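Visitor: Right, I'll just put the structure down here and ask away after.
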Amino acid sequence: MSKMTTAIGNAHRLTQHAMEEASRVDRRELGVEHLLLALTLDASDAGQVLRASGVTVAAVRSAVAAEEAEQLSSLGMTGAQITPGPISIGPGAGWTWTPVAEKLLTASGDGTTAGILRRVLAEPSGAIASLLRRMDVSAEELRDRLDAATALPPAVSVRRPHPLARSAAAFVAASIHDTWALISSAERLPEWEESVGHVTGDSGGGWIGSPRDEVTAKPAFRRLQIARTRNVDAHRVSWTFRYPDAPRANERRISLRLEPAAGGTMVHIDYAWERPQRRRRAALGPVMAPVYRLVVAMQVARLGASIGAALR
């Protein structure tokens, strides 16, 4: 993946996590604290270093709440804090980054999450340093650990040859037991799979899905046939989605494998759009292939974020 595609994907994924966290307290402006919260959910070096250092999503939430309570108290506004609710992101909510946070996220140069974390740790206002003190860790300690982690040889990754397929990993701040209960249940698909609003069983042992109530879909795309294979011992499940009333439409396959991780669970995702056998394969060409790869990368990022949000 190119550096530009990596940077775009990371910015998209971190913005999604930040929006989720801000929605818990009905905020529409995303600040540096939301960027730090988002980084704790990163699956690569930045998130792993933070979580191993005790900077977890729960710890940052507590630090942010304590910081805000102290600031309100100094203004004589005791008890004015908003009680956090569930994650709730609706369309057209008008989310915006503060100028400082947006600069940290999108500055030219290192677009990896490790690079973004380095910029966050160097943020000059003192807001991040104050939060870290509440968690008994310093920016210097985190920088040293991040330098050590990024100095290691990168993990070997296998690039999926087709632009409509992608493999990725996502961190979920929940136990492997709770994560498995979510991703392996057909009845719980609406909690994390955006194409499914309702699920009913069918006579063949599979399921039929229908869109969410607020989604307007063409008649051929109102009925979604769902099949599942799973290995409980290996914490691996594969879902196949196809539209039986649109036989030329691509099928979609999502395979998920879980493994324990510090502070939660790592979800390994294999995601692919597959053409029906009777449909002739069209040549995508070198021009459109990067575009398809970026679109699929965004879909996979949303999928990982949706699984994590359902469990936070």
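The values are calculated or read from the model by the stated rules, or taken from the named source; none is laboratory data. Nothing here was measured: the structure is a model prediction, and the numbers come from that model. Counting neighbours? That spans all protein chains shown, and the Cβs are built from the backbone with ideal geometry, glycine included. Side chains are part of the model used for accessible areas, which takes the heavy atoms of the whole protein and leaves out ligands, DNA and RNA. Shrake-Rupley method; radii C 1.70, N 1.55, O 1.52, S 1.80 Å.
Visitor: Take the residues in region 177-232 that are at pLDDT 95 or above, of a type in the set (D, E) and open to solvent by 40 Å² or more (accessible area, probe 1.4 Å); name whichever of them is farthest from W273 (Cα to Cα).
Guide: Looking at residues that are at pLDDT 95 or above, of a type in the set (D, E) and open to solvent by 40 Å² or more (accessible area, probe 1.4 Å), I get D178.
Visitor: What are the residues in region 159-176 that are touching a strand residue (DSSP E or B) at 6+ places or on another chain (Cβ under 7 Å) and surrounded by 17 or more Cβ atoms within 10 Å (Cβ to Cβ), if any?
Guide: Answer for region 159-176, where residues must be touching a strand residue (DSSP E or B) at 6+ places or on another chain (Cβ under 7 Å) and surrounded by 17 or more Cβ atoms within 10 Å (Cβ to Cβ): L164, A165, R166, A168, A169, A170, F171, V172, A173, A174, I176.
Visitor: Identify, please: which residue in region 12-31 is among the aliphatic types (A, V, I, L, M) and open to solvent by 20 Å² or more (accessible area, probe 1.4 Å) and is, among those, nearest to the chain's Cα centre (by Cα)?
Guide: Across region 12-31, the extreme among qualifying residues is M19.
Visitor: When you scan region 117-135, how many residues do you find that are in contact (Cβ under 8 Å) with a residue 12 or more places away in the chain, open to solvent by 40 Å² or more (accessible area, probe 1.4 Å) and in a loop (DSSP other than H, G, I, E, B)?
Guide: Matching residues across region 117-135 total 2.
Visitor: Still on this model: From (1) modelled with pLDDT of 90 or more; (2) loosely packed, with under 12 Cβ neighbours inside 10 Å; (3) part of a loop (DSSP other than H, G, I, E, B), pick out the condition that doesn't hold for D245.
Guide: Condition (2) is where D245 drops out.
Visitor: Condition check: part of a helix (DSSP H, G or I), basic (K, R) and surrounded by 21 or more Cβ atoms within 10 Å (Cβ to Cβ). Does R61 satisfy that?
Guide: no
Visitor: Just one of the numbered conditions (1) modelled with pLDDT under 95; (2) under 23 Å from A43 (Cβ atoms) is not true of G94; which one?
Guide: (2)
Visitor: A58 - would you say it is touching a residue at least 60 places away in the same chain (Cβ under 8 Å) and within 27 Å of R166 (Cβ to Cβ)?
Guide: no
Visitor: Shifting gears a bit: In the set A227, A174, A169, A217, which member is under 30 Å from A289 (Cβ atoms) and not in a strand (DSSP E or B)?
Guide: Criteria check complete, one pass: A217.
Visitor: Given (1) under 21 Å from the mean Cα position of the chain (by Cα); (2) part of a strand (DSSP E or B), identify the lone condition not met by E194.
Guide: Status for E194: all satisfied but (2).
Visitor: Follow-up. Out of G94, G85, G9, which single residue is on the phi > 0 side of the Ramachandran plot and either of a type outside the set (V, I, T) or touching a Lys or Arg at 6+ places or on another chain (Cβ under 6 Å) (or both)?
Guide: When all the criteria are applied, what remains is G94.
Visitor: Out of all the residues in region 42-79, which are among the polar types (S, T, N, Q) and modelled with pLDDT under 90?
Guide: S44, Q71, S73, S74, T78
Visitor: Look at E70 and say whether it is open to solvent by 70 Å² or more (accessible area, probe 1.4 Å) and either of a type in the set (A, V, I, L, M) or assigned to a helix (DSSP H, G or I) (or both).
Guide: yes
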